[in-house]
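Okay, so here's the structure we're looking at.
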Amino acid sequence: MTIEEINKKVERLRVVTDAKLKFLRDHMTLLDEAFKELSDTQDQELDLVYAKIKEIEDRMNRQGPK
């Protein structure tokens, strides 16, 4: 393998890694928002907690990887 081929391979891997990191950051933002919303929920409101989890899961599925 030549240096140019190695550099191209490294660059491709860097692009893939950056895309995966962006995906993780986006989902961490959604999870942070979810914890903020759920922190106000009381134990007797478990049905609301389930609804919020379902809503967040649906939101994450719609957004998918970017």
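Can you give me the angle between helix 3-38 and the longest principal axis of the chain, using Cα atoms only, in degrees from 0 to 90, rounded to the nearest 10?
Taking Cα atoms only, the helix is inclined about 10 degrees.
So what's the back-of-envelope 222 nm ellipticity for the chain, counting only DSSP H runs of four-plus at -39500 (n - 2.57) apiece and dividing by all residues, rounded to 500?
Mean residue ellipticity, 222 nm, calculated: -29000 deg cm²/dmol.
Nearest 20 debye, what's the magnitude of the dipole of the stretch 24-66 about its Cα centre given +1 on Lys and Arg Cβ and -1 on Asp and Glu Cβ?
Value, rounded to 20: 340 debye.
Angle between the Cα long axis of helix 46-63 and the longest principal axis of the chain, 0 to 90 degrees, nearest 10?
30
Could you please tell me the mean projected area of the C-alpha convex hull for the stretch 24-66, averaged over all directions and given in square nanometres to one decimal?
Quarter of the Cα hull surface area: 2.8 nm².
Quick note: the coordinates plus some simple rules give every number you see, no bench work behind them. Every value quoted in this text rests on a predicted model; they were computed, and no experiment measured them. Using ideal geometry, Cβ is built from the backbone for each residue, glycine included, and neighbour counts are taken over all protein chains shown.
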